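Taking it in order: structure first as structure tokens, then the write-up.
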2 protein chains.
Amino acid sequence: MPADPPALSPPATVEAFRDQLLGLSGNLPRRLQQCADHVARNLDAIALSTVAQLAQGAGVPPSAMMRFCQIMGFSGYAEMQRLFRSALARSAPDYATRLANLKAGGAGHPSTLVAEFVEAGRQSMEALARDLNETALNQAVATLSHAKTIHLAGFRRSFPVAAYLAYVFDKLGIAAVLHDGVAGLAHRATLQRGDALLAITFAPYSDETLALARQARASGLPVIFLTDPPATGLAPLGDTILTVAEIDFGAFRSLSAAIALALSLAVAVAARRET
Amino acid sequence: MPADPPALSPPATVEAFRDQLLGLSGNLPRRLQQCADHVARNLDAIALSTVAQLAQGAGVPPSAMMRFCQIMGFSGYAEMQRLFRSALARSAPDYATRLANLKAGGAGHPSTLVAEFVEAGRQSMEALARDLNETALNQAVATLSHAKTIHLAGFRRSFPVAAYLAYVFDKLGIAAVLHDGVAGLAHRATLQRGDALLAITFAPYSDETLALARQARASGLPVIFLTDPPATGLAPLGDTILTVAEIDFGAFRSLSAAIALALSLAVAVAARRET
DNA sequence: GCCGAAATAGAATAAACGTTCCACACCTTG
DNA sequence: CAAGGTGTGGAACGTTTATTCTATTTCGGC
């Protein structure tokens, strides 16, 4: 009597849990498959749900969910839930309290400002993950990975993003030109057949960036915009439009989401080129 | 028989809870005060703890914690916990799932990269909030708010941060010079009595930045470093050292925490100058 | 279409947990 | 010092929730 399924051992991390779930999924009896599907889609709900709630969500009786926990290697639901609770607890351990304490210093105090910017940055990150347009991103990667030279445009508050991209592309060995406006040069002649333009600009859009985009368009080069929603008026100027809903604090934005997206773009392009 | 304490109503948000707690604290019987203190310090633990655990942490019997919940206006512990659970559920509602879905695309896919950078950025933000050295920050603000001109140094991957600071200071009407190395100029003569240097550099530190710091030091100007821990070797070169533990993904970092800290610094300096 | 094994649902059981209540201690007030 | 009120701890209660068990159904192979 060999233990028919090799009696899986309980995963120690949420990632391991996902992997194990993926391995099981597909050749599972009907009810257990329902459990697997619902659990996979609601991983973060487990920490706060009861078996009954989770089972109802999956459309199965609680006992089925119970069996599901056991074939995943846990002794029962309680043990499985412990995994997700500790993951959740680690993510917020003292962070929320700490933020509140920083803010408690009072408006205007430096630490309060840090708390506000941190909060804004975190929200921006979450917004980026939530609202990312994968189609546009893939399209942008495809375009840029075929470009002979990538032209980067970004002025004023977008300049740091463009400058960082220039640094990263340089590190990655990808030909990129930063149009920084030094010496008032427009570098018009550098836009050549086979190149592409990546324009970073937030409303109100800077004239220099728009002018460069128009020119690239006129020369038949693909133009990609990295901007904030709703990106009104940019559609006729760009082939691909990536939007980032950055949260401002006061008059300033942390740029964190824009940089994260820009970096992803750069690394993805590098990966695509190597293959 | 007037209801001695006006019978508080249950707070509807975590912020309201904090306020109500602060209002009560101070004139509370001994055990209840212990509860209040422990709860205030562990707000985020409530969502996942049982009465017994929370009470043990506070060093009181469960029944005391029970009474605490009731004077806060709740019917009992369950109702109080509901508040924190829903707050926790809202913070992760689809975010974690969404991240997981993005990653599910597979390694190398653009959306996976975005997920990784978002995660790294978020962790960096939390690390910043957790490890912020308020003393150093206040000191930096004090120094910079007295400076006639603020000199900004930052090369290579620190350059975007320095460049953004230059933009922000300009917007705020504060005199700042970005030492960008254009045309190979060292701008040595611009370091004048009454100025201050804000040097942004991550290990391995760039020679240009260190050279500038040494020179400023020799001229008797205060030097502030914005760098990553452990900042070995910088102590003799700087008066104030601000550290940011930025999380890398792959070879690149999102700079989000560094920018958030830099922005806070800039806004705090502006606020200080106006008064 | 029958037989064996696996899967399932629902009820029964057990454990964990929140909640209440009461007797006792303490502190204040007359 | 006595009496009343308030604060306190622990035990008992009832509810919720996890878990197990078993009768029944479903499915696959002969």
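So which residues in the range A:192-220 are in a helix (DSSP H, G or I) and open to solvent by less than 30 Å² (accessible area, probe 1.4 Å)?
Passing the criteria: A:T209, A:L210, A:L212, A:A213, A:A216.
Among the residues of the range A:137-164, count how many are farther than 23 Å from B:G154 by Cα, open to solvent by 10 Å² or more (accessible area, probe 1.4 Å), in contact (Cβ under 8 Å) with a residue 24 or more places away in the chain and assigned to a helix (DSSP H, G or I).
5
When you look at B:A52, is it within 11 Å of DNA strand D (Cβ to nearest atom) and within 24 Å of A:L88 (Cβ to Cβ), yes or no?
In short, yes.
Evaluate the following for B:A47: is it crowded, with 19+ Cβ neighbours inside 10 Å, more than 8 Å from DNA strand C (Cβ to nearest atom) and more than 14 Å from every other protein chain (Cβ to nearest Cβ)?
no
How many residues are charged (D, E, K, R) and out of contact with any Ser or Thr (no Cβ under 9 Å at 6 or more places or on another chain) if we restrict to the range B:108-136?
Total meeting the criteria: 2.
Quick check on my filter: what residues within the range A:141-158 are within 17 Å of A:G173 (Cα to Cα), within 11 Å of chain B (Cβ to nearest Cβ) and either touching a Phe, Trp or Tyr at 6+ places or on another chain (Cβ under 6 Å) or of a type in the set (S, T, N, Q) (or both)?
Result: A:S145, single match.
Could you tell me how many of the residues in the range B:231-258 are in contact with a Phe, Trp or Tyr (Cβ under 6 Å, 6 or more places away or on another chain) and under 19 Å from B:L137 (Cα atoms)?
Counting residues in the range B:231-258 that are in contact with a Phe, Trp or Tyr (Cβ under 6 Å, 6 or more places away or on another chain) and under 19 Å from B:L137 (Cα atoms) gives 3.
May I ask you to verify whether B:V223 is more than 28 Å from B:E119 (Cα to Cα), among the hydrophobic types (A, V, I, L, M, F, W, C) and either surrounded by fewer than 23 Cβ atoms within 10 Å (Cβ to Cβ) or without any contact (Cβ under 8 Å) to a residue 24 or more places away in the chain (or both)?
no
Scan the range B:251-275 for residues that are open to solvent by 60 Å² or more (accessible area, probe 1.4 Å) and out of contact with any Ser or Thr (no Cβ under 7 Å at 6 or more places or on another chain) and jot them down.
B:A251, B:E274, B:T275
Considering only the range B:227-250, how many residues are within 21 Å of the chain's Cα centre (by Cα) and either open to solvent by 60 Å² or more (accessible area, probe 1.4 Å) or modelled with pLDDT under 85 (or both)?
6
Could you please find all residues in the range B:121-136 being open to solvent by 10 Å² or more (accessible area, probe 1.4 Å) and facing chain A (nearest Cβ under 8 Å)?
If the condition is that a residue be open to solvent by 10 Å² or more (accessible area, probe 1.4 Å) and facing chain A (nearest Cβ under 8 Å), then B:R122, B:E126, B:R130, B:L132, B:E134 are the ones that fit.
Across the range A:72-81, what is the number of residues that are open to solvent by 30 Å² or more (accessible area, probe 1.4 Å) and either modelled with pLDDT under 90 or more than 10 Å from DNA strand C (Cβ to nearest atom) (or both)?
Final tally of qualifying residues: 2.
The values are calculated or read from the model by the stated rules, or taken from the named source; none is laboratory data. Just so we're clear, the structure is a prediction, and the values are computed from it rather than from any experiment. So basically every Cβ, Gly included, is an ideal-geometry build from the backbone, and we count neighbours across all protein chains shown. What goes into the accessible areas is simple: the full protein's heavy atoms, side chains included, and nothing from ligands, DNA or RNA. Shrake-Rupley method; radii C 1.70, N 1.55, O 1.52, S 1.80 Å.
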